Amino acid sequence: MAEYLSTREVARYLKLNQKKVYALVANGQLPAARISGKWLFPKELIDTWVAEHTVYPPGGLMGAMLDQLLVLQGSDDWLLGRVLQGMSQSPHGSPVATASVGSMAGLSALADGKAHLASCHVAPSVESSQAGTPVYRLALYSREQGVLFDRKRAPGAGGLEALCSRRIRFAERQPRSGTSLLLERLLAAQKLQPRWTTVGPFSSHIELALAVRNGQADAGVGVRIAAHLAGLDFAPLAREQFDLVIPGAFMSHERMSQFLERLLDGVRAEAAHAPLGYSFEDLGRLQPLPAGAEPAP
């Protein structure tokens with residue numbers, strides 16, 4: 001049932017005096033209905049009116065939200081998840097909401113104003129064009145991608161050519177993920193036509209590896225550490241850079257600076273343990289990417 005406010009109630013609700021409320025109504029600026037000589041104000045429409053007249057700082061609604069919550073969408077990565085988990089357990093940590101939606105969907109979230117930063121492993125030119133706004137590319141590490149398989153169950157399944165020639169159950173990642181795009185590029189480069197039957201899609205490397213480990217699939221493409229943790233065999237295919245992409249409007253925000261500093265400290269601490277399949281030569285390198293532009297090498 002709709003809730004209505006009197007003139008006095010809406011003045012108190014908006015923290016205005018009643019004369020100002022009458023002036024707004026007279027000018028047609030405030031939604032109201034005149035019933036039996038009295039003004040009534042639908043609360044739902046008043047709330048909508050307030051939202052429409054709210055002035056946000058640079059960065060829009062996401063910029064206003066940054067003081068309370070940081071939103072990270074994009075590619076799944078075991079090491080990034082490990083670092084973020086450690087940060088969340090710190091009493092000094094800021095709340096971070098994450099969504100493993102894939103590289104391209106993460107960049108689209110930036111363009112749509114639904115994220116503060118995106119994790120991805122695609123070309124810098126794709127990062128800048130898909131984000132739709134001037135961004136910064138923060139290099140974290142490179143990681144090794146390859147075929148995950150069980151040698152006992154699928155002997156000789158270590159290469160793409162061998163995989164494509166066999167009628168196996170192939171675990172696939174979700175569309176628009178960086179891993180699915182990598183696989184498409186590798187298949188096109190070698191002019192291969194797979195004969196496999198797909199299983200999935202799976203939203204994380206660990207989920208895919210466990211599907212192979214449990215016999216739900218015979219093979220799939222993922223990071224080396226996932227194969228190691230699941231006790232699978234691994235045949236390398238490519239090494240790729242894993243980045244964070246941050247809109248320029250958020251880079252100078254104190255909360256973003258604090259988050260990135262703590263994140264890099266966490267990655268450095270993990271790098272000291274030499275996690276399998278990761279390399280950290282470019283860790284912390286920050287590069288501006290104009291919207292839609294190819295960066296200088």
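The values are calculated or read from the model by the stated rules, or taken from the named source; none is laboratory data. Since the structure is predicted, the reported quantities are computational estimates derived from the model, not experimental observations. Please note: Cβ atoms are built from the backbone with ideal geometry, for glycine as well, and neighbour counts cover all protein chains shown.
One table, with the values for the structure above:
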{"quantity": "Residues that are in a helix (DSSP H, G or I), touching a Lys or Arg at 6+ places or on another chain (Cβ under 7 Å) and modelled with pLDDT under 85, drawn from the range 159-208", "calculated": "Cys164"}
{"quantity": "Meets criteria (part of a helix (DSSP H, G or I) and more than 23 Å from the chain's Cα centre (by Cα)) for Ala211", "calculated": "yes"}
{"quantity": "Where Ser257 falls short, out of the listed (1) not assigned by TED's automatic domain parsing to the domain that holds Val96; (2) not in a strand (DSSP E or B)", "calculated": "(1)"}
{"quantity": "Test for His228: is it under 24 Å from Glu281 (Cβ atoms) and either of a type in the set (S, T, N, Q) or within 21 Å of the chain's Cα centre (by Cα) (or both)", "calculated": "no"}
{"quantity": "Within the range 33-56, tally of residues that are surrounded by 13 or more Cβ atoms within 10 Å (Cβ to Cβ) and either modelled with pLDDT under 85 or in a helix (DSSP H, G or I) (or both)", "calculated": "4"}
{"quantity": "Residue, surrounded by the fewest Cβ atoms within 10 Å (Cβ to Cβ), within the range 7-32, restricted to residues that are touching a helix residue (DSSP H, G or I) at 6+ places or on another chain (Cβ under 7 Å) and in a loop (DSSP other than H, G, I, E, B)", "calculated": "Asn17"}
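Quick grid of which residues meet (1) of a type in the set (A, V, I, L, M, F, W, C); (2) more than 27 Å from Gly113 (Cα to Cα):
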site: Pro134; (1), (2): no, no
site: Thr179; (1), (2): no, no
site: Glu184; (1), (2): no, yes
site: Ala189; (1), (2): yes, yes
site: Leu192; (1), (2): yes, yes
site: Gly200; (1), (2): no, yes
site: Val212; (1), (2): yes, yes
